[in-house]
Every structure is written in structure tokens, then in C-alpha cells.
There are 2 protein chains.
Amino acid sequence: MPEKTGKPGKQQAADERPVRRQARGERRITQLLEAAASVFCSTGYTAASTNAIAREAGVSPGTLYQFFPNKEAIAIELGSRLMHEMRETYGEALAPIDPTTPLEDAVAAAVDRFIDFNCRHPVFFTLMHGPDIPGRMAEEHDALHATLIARVEALLTPFLPDTPPADVRRTAQVCVGIYKAGLELVLAHEGAEREAYVRELKNVLFRYLDPLVVD
Amino acid sequence: MPEKTGKPGKQQAADERPVRRQARGERRITQLLEAAASVFCSTGYTAASTNAIAREAGVSPGTLYQFFPNKEAIAIELGSRLMHEMRETYGEALAPIDPTTPLEDAVAAAVDRFIDFNCRHPVFFTLMHGPDIPGRMAEEHDALHATLIARVEALLTPFLPDTPPADVRRTAQVCVGIYKAGLELVLAHEGAEREAYVRELKNVLFRYLDPLVVD
DNA sequence: CCAGAATGTGAGCGACCGCTCGCGTTTGTC
DNA sequence: GACAAACGCGAGCGGTCGCTCACATTCTGG
């Protein structure tokens with residue numbers, strides 16, 4: 001988050017002052033983040049110019065830098081808010097699955113939720129997928145990726161009680177890779193064709209995992 | 001290809017002269033393409049500066065522009081040569097497969113060949129995968145992708161004689177997507193772990209396709 | 001051997017980009 | 001209503017990048 005109002009407890013580091021945000025400022029921030037999402041989506045992170053983001057938001061470059069110290073901070077804050085919403089919407093509800101649930105249903109449910117989220121926030125895929133992500137941003141990226149892998153691992157473990165952890169981990173990596181590839185295809189199509197790709201994605205995952213479970 | 005020596009048949013368009021290349025020039029071109037491959041690999045296309053490519057090749061920026069009209073042409077020529085080598089190495093031999101061959105073996109053979117090629121030319125993946133590819137390059141990209149899809153479709157059709165063409169096409173798209181995702185994982189690991197991911201990739205594809213075949 | 005083409009150099013041009021700064025406007029507080 | 005702080009503006013600074021150009025060097029055909 002861009003330096004919070006920070007209730008007057010004085011825990012600000014070296015160079016950052018408290019900055020008492022007005023309501024107008026908070027509005028500008030979300031407005032700028034929406035503009036950034038739009039520009040990132042259509043041009044990618046690197047090619048997106050801060051001037052273009054400001055223009056899209058209908059403000060001057062100076063205003064943008066009133067709220068964000070640099071371009072990277074925009075992407076980080078955007079990613080952070082997306083991850084927060086993701087956790088809030090599906091969050092912990094995704095991990096603990098009753099191991100008596102049929103694998104097919106578990107896979108279908110997980111895919112549906114993630115696909116839905118990514119369709120409503122296409123910028124999420126852009127930020128995760130892009131190989132043009134700079135320094136600090138990569139850390140956030142890796143952190144999210146690791147979280148996702150861990151989550152999938154947790155989801156998988158009850159189904160594969162006798163599999164060595166290293167194999168489960170690799171299986172989780174493969175599942176996430178498949179999901180990303182499927183997501184790309186899903187986002188590239190619309191309507192009935194999109195739904196057909198969602199079905200195919202579920203099929204791929206289910207058929208890959210089914211021979212592994214012991215039940 | 002950067003304007004060919006063009007045997008004196010005068011079919012040069014408007015602004016391009018015949019340009020009689022010397023052996024030294026041809027050497028420079030391959031040298032520059034190797035340098036470009038290296039730089040593209042480590043920084044991606046967009047972030048790669050032409051000056052960096054020239055420096056990597058040990059020549060001045062002017063020399064680079066003696067052989068390529070612009071940065072994009074470097075990537076296009078590089079991609080074109082890679083596709084040519086790909087066709088030459090595995091080429092038509094990949095498409096016509098005896099439909100009595102077990103699906104598992106067909107998948108394994110195709111995966112092995114493509115993985116081998118991509119491991120020997122990691123820049124290929126960079127150029128195909130990057131979302132930071134500019135105008136004309138995207139066409140080449142799409143052309144290759146379409147070729148690949150068509151090839152996979154041809155490979156699949158004998159196994160799925162009763163499936164509607166639209167479904168076969170979608171299945172091919174999914175297979176290529178899975179392959180790309182698997183390739184990324186394979187390239188990210190080494191040695192035994194890499195081989196494990198290759199096995200997983202084959203498993204994913206085989207288990208996805210097996211229920212579809214009629215045999 | 002020599003004319004001219006091909007090859008090679010590197011300073012630097014123009015364009016753009018991330019970001020700043022001086023200054024004017026709005027808002028909240030007493 | 002006065003004062004400070006937050007907000008807003010936009011020209012422009014420093015830097016990089018793609019690319020050029022005037023000029024030097026090397027090769028090759030006649």
C-alpha cells in the first residue's frame with residue numbers, strides 16, 4: 001500500500017512521512033490503479049509509460065507521483081490489492097477440502113473459482129505471466145507463485161497419501177503450469193468456445209491426477 | 001533473411017539494392033545473430049538494446065545496421081533461421097505417423113524431439129513466449145503457432161477419426177498449450193529433475209489424449 | 001593495381017521515458 | 001477566515017535507446 005495514513009503512532013521509516021490522506025486522495029489512488037490495470041493489460045508492464053497511465057486516469061504525471069514513488073510501486077500495489085481480493089473471495093476456503101470429495105469435483109471447483117477470478121481481473125494474468133517484470137516485483141511474483149504451489153500441494157496431499165513429498169511438489173508445479181496454459185487459452189476465447197476450453201482444462205487436470213490417487 | 005545476394009535476377013523491391021555480400025559479411029551476420037540470441041535470452045526482446053547486441057558481438061552499432069535495417073529484423077531473421085533448422089531437423093518426419101503406432105510412443109517421440117530442440121536453442125522459447133513482441137514479429141509468431149497447431153492436428157487426426165474437426169482443433173490447441181507450460185518447467189530445471197518433468201509432460205499429454213482415441 | 005563496392009567505426013541526433021519541481025488550487029482545522 | 005497541508009499541474013531534466021552519418025579500412029573484379 002502507498003504509505004498509509006498511519007494513525008499518529010510514529011512508526012514511519014527514515015524518509016517516509018505520515019502523509020494524511022484525504023478522501024480525494026484515496027479516490028485518486030484507486031482511479032490510478034484502475035488506469036494502470038487497463039494500460040498494463042493492453043501493453044504489458046514494461047511498455048506501459050507512467051505518462052500513459054496518468055493520461056488514462058485523466059491526471060497529470062505529477063499527480064501520479066504524488067501517490068506512488070515510482071512506476072514499480074504502482075504494479076506492486078496493484079498486485080497486492082489483487083492478491084488481497086483473491087484471498088478474501090476464495091481464500092482459505094480453497095485449501096481444506098474433504099478428502100471424500102471426488103477428485104473430479106475438487107478439480108472442477110478449484111478451476112471454476114480461479115478462472116472466474118482471472119476473467120474478472122485480466123491484469124492479474126498479465127502481471128503474473130510477463131517475463132518483463134523488474135526487480136522488486138519479481139519477489140512478489142515468486143511469493144505468490146510459491147503460495148499457489150503450496151496451496152495446490154495442500155489440496156493434493158490428502159489424495160496422494162503414499163507419494164513422496166518431492167513428487168507431490170512436482171505434481172503441484174505441473175498442475176499450476178497446466179492451469180496457466182489453460183487460462184491463456186480461456187482468456188483468448190469468448191462465450192461457448194471459452195466454456196469448451198474450461199471443460200478441456202478440467203479434463204486435462206483430472207485425467208492427469210486421477211491415476212495417481214489411491215482412494 | 002537480410003537482403004540476399006540475389007542472383008542477378010533483378011527482383012528487388014523499390015528501396016532494396018542487390019547487395020553483394022562477402023564471406024566476411026555472412027560471418028558477421030551469424031555472429032550478430034548469435035549475440036542477439038544470447039542477449040534476448042538473458043533480457044528478453046524489448047529490454048535488449050541494439051548497442052548491447054553489437055557490444056556482445058564485438059562490433060560497433062553502425063556495423064550492426066549494415067546488415068539489419070532495424071532491431072525487429074534481427075529477431076525476425078533469428079526466428080526464421082530457427083524455424084528453418086527446426087523443419088530441417090525434425091520437419092516433415094514429425095507429421096506422418098503410422099496410426100498403428102501406440103499413442104504413448106507417438107507422444108513420447110514428439111515431446112522428446114521438441115524438448116531437445118528447445119534445450120539446444122533456448123532463445124526459441126524466449127521469442128515465442130514473450131508478450132513483448134512488436135508488430136511484424138507477432139505475425140511471424142502467429143504463423144509459426146498456426147503451423148505448429150496444424151502439425152499437431154495432422155498428428156492427432158488419425159487417432160481421432162470420428163471427432164468433429166472443431167474439437168480436434170481445440171484439442172490441438174490444448175496440447176500445444178500444455179507443451180509450452182511443460183517446456184517452461186523443463187527449462188527451469190536440470191539433470192534428473194529435468195528428466196522427471198519431461199516424464200510428467202509426457203504423462204499429462206498421454207493421459208489427456210488416451211481417452212479420446214478409438215483404436 | 002586500382003576503382004568502387006562492401007565492411008567497419010563511434011560520436012551523436014531525435015524521440016521517448018521515468019521522474020521532479022516550482023507554483024497554483026482545494027480541503028480540513030482551529 | 002486564516003493557515004497549513006494535501007492535491008494538482010505540466011514544462012522539462014537527465015538518461016537511454018534505436019538508429020544515422022561522415023569517414024576510414026578491407027576486399028574484389030577487371
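The values are calculated or read from the model by the stated rules, or taken from the named source; none is laboratory data. Predicted model only: the values in this text are computed from it and were never measured. A quick note on method: Cβ atoms are made from the backbone with ideal geometry, for glycine too, and the neighbour counts reach across all protein chains shown. Just the protein is used for accessible areas: all its heavy atoms, side chains included, with ligands, DNA and RNA removed. Shrake-Rupley method; radii C 1.70, N 1.55, O 1.52, S 1.80 Å.
Restricting to the stretch A:48-77, and then to whatever is within 8 Å of DNA strand D (Cβ to nearest atom) and hydroxyl-bearing (Ser, Thr, Tyr), can you tell me which residue is most open to solvent (accessible area, probe 1.4 Å)?
The selected residue is A:Tyr65.
What's the number of the only condition in (1) modelled with pLDDT of 95 or more; (2) part of a loop (DSSP other than H, G, I, E, B) that A:Arg27 fails to meet?
(2)
List the residue pairs whose Cβ atoms are under 8 Å apart, where the first residue sits in the stretch A:161-187 and is at pLDDT below 95, the second is open to solvent by 30 Å² or more (accessible area, probe 1.4 Å), and the two are 6 or more positions apart or on different chains.
Filtered contacts from the stretch A:161-187: A:Pro161/A:Val214; A:Asp162/A:Val214; A:Thr163/A:Leu212.
Does A:Ser42 count as within 14 Å of chain B (Cβ to nearest Cβ) and open to solvent by 20 Å² or more (accessible area, probe 1.4 Å)?
Criteria met by A:Ser42.
Hey, can you tell me all the residues within the stretch B:26-47 that are more than 19 Å from the chain's Cα centre (by Cα) and either within 9 Å of DNA strand D (Cβ to nearest atom) or in the same structural domain as B:Ala138 (by TED's automatic domain parsing) (or both)?
Answer for the stretch B:26-47, where residues must be more than 19 Å from the chain's Cα centre (by Cα) and either within 9 Å of DNA strand D (Cβ to nearest atom) or in the same structural domain as B:Ala138 (by TED's automatic domain parsing) (or both): just B:Ala47.
Working only within the stretch A:45-89, note down all residues that are in a loop (DSSP other than H, G, I, E, B) and modelled with pLDDT under 95.
Selection gives A:Tyr45, A:Thr46, A:Ala47.
Of A:Glu190, A:Glu184, A:Glu153, which residue is more than 21 Å from B:Tyr197 (Cβ to Cβ) and acidic (Asp, Glu)?
None of the other options fit; the residue is A:Glu190.
Exactly one of these conditions fails for B:Arg113: (1) touching a helix residue (DSSP H, G or I) at 6+ places or on another chain (Cβ under 8 Å); (2) closer than 29 Å to A:Met128 by Cβ; (3) not β-branched (Val, Ile, Thr). Give me its number.
The failed condition is (2).
On the given criteria, is B:Ser60 without any contact (Cβ under 8 Å) to a residue 60 or more places away in the chain, within 14 Å of chain A (Cβ to nearest Cβ) and polar (S, T, N, Q)?
For B:Ser60, the condition - without any contact (Cβ under 8 Å) to a residue 60 or more places away in the chain, within 14 Å of chain A (Cβ to nearest Cβ) and polar (S, T, N, Q) - is not met.
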